[in-house]
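Everything below concerns the one structure shown next.
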Amino acid sequence: MIATMPLLGALLATALPTLWLEVMGETKPTLQLKLFNKFSKESQKFVKERRNDNLTSDSSNIDSLPSTWGTPRFHEMLHRQDQRRLGATLHSDSTLFFSSGNFTMNYGEDYGWLHYAVINIGTPNVSFLVALDTGSNLLWVPCECRQCASNSARQQLDIPLNMYNPAASNTSQHISCSNSICESSEVCKDENDNCIYNVRYISANTRTSGVLVEDIIYLSSSNDQNTSVKARIVFGCGQVQSGNFLSSGAPDGLLGLGLGAISLPNTLAKAGLVRDSFSMCFESDGSGRIFFGDKGLASQNTTPFLHSSGTHAGYIVGLESMAVGSSNVQHQIDIVIDTGTSFTYLPRGLYSAVTTEFDKHIGQKRINISDVPWNFCYESSDGDMQAPPVSMVFTGGGNFSVYNPLIGIYGAKGVMEAICLTIIESDVAIVGRKFC
């Protein structure tokens, strides 16, 4: 009978058949396991031989292992291995949320109808009120500003807004052009130069640019011990902003929650801290919460993500049809789910069919309002309009009921004058947060 033993993640074992002399003078065949540290010369030789024999796909990245035992790089890699192992404990039964508290906020029109959360970065930590955006990947905050939001735009809120200073954080490191996460390395003059970034957003003339840095973000775990977690992340030191970032949208930074390698959900998952998932829920009053690593309920509907065509960085799903009342509008398209976009945009054919069906069910008089982007608005003084239920059917059969597809229009005295269907005809297909 041969006993087996689990191998520690930091060790690599090779099996060597031997003969072992036991008590009673009997010679029995046994199996001896000789253990090597993963970073030892024996282990490196073993992996190289397997790679040369085409027995492995080189997933161990042997070239990145330290060549000298006991060097600072050697101990740093051991430390990262510890973090992955500790993270695996969190991974199994917990979720993470921002250390400032698990809540999100919406400040209405003055701040672009976006949802915001408070994050803490650096040592000592500095807090930022960042907009949440599933349609992009990068987290950036105001930093070494040459063109950022004006003080008046930043000071309208009741909480302090800050600037990030890499030199003031003991744990900050610049990302060099030689780092694999740097996408602008081709424009670098030297591989040791700071990696620059330049991100353009769907809103007109809205951009952010600067340099990439690495620092600590502070999180809390939902497990019984309420564990504090420090995670190293790469983010943008936002030196130049333009467009909406100079006024109402994200004056204190933006958190990209997309599928890219640099996004926070991806970073936390790769570090072994949580599952590769997250959830956001928004209440009708604008409040909400966000969990990283949340796997959801077993009873919930699901739909697979589709591969991006490169035109949008967010979450793309397949829309099979839309139901308006008892009518079912069949129209198969790829559509983006984007919390950074306020309203819902549909291509002409689907837009025409959905709005026509919706209009058939409305008893109120349809009116034109010049200052809004919607074409289907109706008289309503009290908001009590009988509207048909609207739902979307996605690939896989998941049915998503639209909570409230309408928005009230108020006059100068704060009295409701009309209600509009918040769907806009467009060349792109996006489900915005107001459709949730």
**Request:** Multiply the residue separation of Val240 and Asn192 by 0.36 nm, subtract the distance between their alpha-carbon atoms, and state the gained length in nm to one decimal.
**Result:** 15.1 nm
**Request:** Note down the relative contact order for segment 176-282 as a percent, whole number, built from C-alpha pairs under 8 angstrom at least six residues apart.
**Result:** 18
**Prompt:** Cβ under 15 Å from Thr302's Cβ, Thr302 left aside: what net charge do those residues give with Lys, Arg +1 and Asp, Glu -1?
**Reply:** -1
**Prompt:** What is the calculated FRET efficiency for Ile407 to His307, with r their C-beta to C-beta distance and R₀ = 35 Å, to the nearest 0.05?
**Reply:** 0.60
**Request:** Specify whether the C-alpha gyration tensor of segment 313-373 places it in the rounded, prolate or oblate class, a ≥ b ≥ c being the square roots of the eigenvalues: rounded for a/c under 1.5, otherwise prolate if a/b is larger than b/c and oblate if not.
**Result:** oblate
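At 0.36 nm per residue, and after removing the present C-alpha to C-alpha distance, how many nm does the segment from Asn375 to Arg200 gain when stretched out fully?
60.1 nm
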**Message:** Which entries of Lys365/Lys434; Lys270/Lys434; Lys189/Lys230; Lys45/Lys189; Lys230/Lys295; Lys45/Lys230 have Cα-Cα distances beyond 25 Å here?
**Reply:** Lys270/Lys434; Lys189/Lys230; Lys45/Lys189; Lys45/Lys230
**Request:** Could you state how much accessible area Ser222 has, in square angstrom rounded to the nearest 10, with a 1.4 Å probe and all protein chains kept in place?
**Result:** 60
**Message:** Whole-Hz ³J(HN,Hα) for each residue in segment 171-177, computed from phi via Karplus 6.51 cos²θ - 1.76 cosθ + 1.60 with θ = phi - 60°, x for glycine and proline: what do you get?
**Reply:** 10, 7, 9, 6, 8, 8, 5
**Complete:** Of all C-alpha pairs within segment 324-436, those more than 25 angstrom apart amount in percent to 19
**Asked** If you stretched the chain out fully between Asn120 and Lys360, how much longer would it get, using 0.36 nm times the residue separation minus the C-alpha to C-alpha distance?
**Response** 81.4 nm
**Fill in**
When all Cα-Cα pair distances of segment 228-320 are considered, the percent exceeding 15 Å is 73
**Request:** Please calculate the 1.4 Å probe accessible area of Phe305, with all protein chains present, and give it to the nearest 10 Å².
**Result:** 120
**Asked** So what's Rg/Rh here for segment 177-268, counting alpha carbon atoms and using the Kirkwood radius for Rh?
**Response** 1.03
**Prompt:** For segment 219-274, what mean projected area does the convex hull of the alpha carbons give, in nm²?
**Reply:** 5.2
**Asked** What is the magnitude of the charge dipole of segment 281-389 about its Cα centre, with +1 placed on the Cβ of each Lys and Arg, -1 on the Cβ of each Asp and Glu, and no other charges, expressed in debye to the nearest 20?
**Response** 260
**Request:** Express the accessible area of segment 182-231 per residue in Å², computed with a 1.4 Å probe while the remaining protein chains stay in the model.
**Result:** 60
**Message:** Let's test the formula: R0 of 51 Å, r as the Cβ-Cβ distance of Ser178 and Val428. What FRET efficiency results, to the nearest 0.05?
**Reply:** 0.90
**Magnitude of the charge dipole, segment 338-386, Cβ model with Lys/Arg +1 and Asp/Glu -1, debye to 20** = 240
**Item:** Selection of chymotrypsin sites (Phe, Trp or Tyr not before Pro), segment 344-436, meeting DSSP coil and at most 15 other Cβ within 10 Å
**Value:** Tyr403
**Complete:** So for segment 207-366, using the alpha carbon gyration tensor with a ≥ b ≥ c as root eigenvalues (a/c under 1.5 gives rounded; past that, a/b versus b/c decides prolate or oblate), I'd call it prolate
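The values are calculated or read from the model by the stated rules, or taken from the named source; none is laboratory data. In this text, all values refer to a predicted model and were calculated from it rather than measured experimentally. Heads up, the Cβs are rebuilt from the backbone with ideal geometry, glycines too, and the neighbour counts pull from every protein chain shown. SASA here: full protein model, heavy atoms, side chains in, ligands and nucleic acids out. Shrake-Rupley method; radii C 1.70, N 1.55, O 1.52, S 1.80 Å.
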